[in-house]
Amino acid sequence: MNTENCLYCNIPFTEELWCKECINSLEKLAENGNKEAMFSLANCCNNGKGTEKNFEKAFHWYQKAAEKDHIIAMFNLVNHYYNGEGTEKNFEKAFHWCQKA
């Protein structure tokens, strides 16, 4: 069992599950325009950490973070467009975000 602490609420969590308070905090920060929170929330949704795996929601938050010039979110957005995860496959949009990154 992993005994690391949550980066947002400092409560111990396992590698498989973030605390609910952490996810709620990320959602509030993301909804208020924090690009790092958008990116972290997208990662949680993409990997199923603290929430159910949801590629559509991950894509949404990667796109929001990418629109705020988050470089790694741009690359993750490329992968979602290229693989059709959470959105239709779209090689033109994948190429666009790859160039922008």
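With a/c under 1.5 counting as rounded, go ahead and sort the stretch 20-100 into rounded, prolate or oblate using the C-alpha gyration tensor (a ≥ b ≥ c being the square roots of the eigenvalues; past the cut-off, prolate if a/b is larger than b/c, else oblate).
oblate
Simple spin-label estimate for Phe91 and Asn54 gives 3.2 nm between the two label positions (7 Å along the Cα-to-Cβ direction from each Cα). Legend: residue pairs Lys20/Lys100; Lys49/Lys93; Lys68/Lys89, Cα-Cα distance threshold 29 Å; pairs beyond threshold, Lys20/Lys100.
Read the figures in this text as sums done on the coordinates, not as results from a lab. Fair warning: this is a prediction, and the values are worked out from it, not measured in the lab. Counting neighbours? That spans all protein chains shown, and the Cβs are built from the backbone with ideal geometry, glycine included.
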